[in-house]
Amino acid sequence: QVQLVESGGGLVQAGGSLRLSCAASGSFFRVNTMEWYRQAPGKQRELVAGITSGGVTNYADSVKGRFTISRDSNNYRMYLQIDSLKPEDTAVYFCMYNVRTVLGGVPHDYWGQGTQVTVSS
């Protein structure tokens, strides 16, 4: 199986920066898309940024120009550099990997437990 652990969250003032990391362990044949989601209190979980196995990235409109997603495919790590933080960025941030664990197997989505990001005004 696959286990994901996020880190790097915290309390930061508006305008500050954070770097989130997602570390993975388990059985991997191929990691496809890696994505960051966030969920604010009382709101649905939303996609923040994604990166394909080929390095193609996509971002939610609300974070373009401020968030940068990257991946290190050698050790199955993913990062989210968050700059110019705003109070509305406050949320629990989750990483998700779409993983094929064996040759010929069906890819599945695996989720981490989340890391809290709180931005004070």
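Here, each number is a calculation from the coordinates, and none is a lab measurement. Because the structure is predicted, anything quoted here is derived from the model rather than measured. Don't worry about glycine lacking a Cβ; one is built from the backbone with ideal geometry, like all the others, and counts go over all protein chains shown.
Given (1) surrounded by 15 or more Cβ atoms within 10 Å (Cβ to Cβ); (2) in a loop (DSSP other than H, G, I, E, B), identify the lone condition not met by Lys64.
(1)
For region 67-97, enumerate the residues that are assigned to a strand (DSSP E or B), buried (at least 18 other Cβ atoms within 10 Å of the Cβ) and not hydroxyl-bearing (Ser, Thr, Tyr).
Phe67, Ile69, Arg71, Met78, Leu80, Ile82, Ala91, Val92, Phe94, Cys95, Met96
How many residues, within region 82-101, are more than 21 Å from Arg30 (Cα to Cα) and either aromatic (Phe, Trp, Tyr) or within 10 Å of the chain's Cα centre (by Cα) (or both)? Reasoning before the result, please.
Of the residues in region 82-101, the ones more than 21 Å from Arg30 (Cα to Cα) are 82-93.
From what's left, either aromatic (Phe, Trp, Tyr) or within 10 Å of the chain's Cα centre (by Cα) (or both): 93.
Matching residues across region 82-101 total 1.
Residues in region 40-55: is at least one free of Cβ contacts under 8 Å to residues at least 60 places away in the same chain, charged (D, E, K, R) and within 14 Å of Gln116 (Cα to Cα)?
yes
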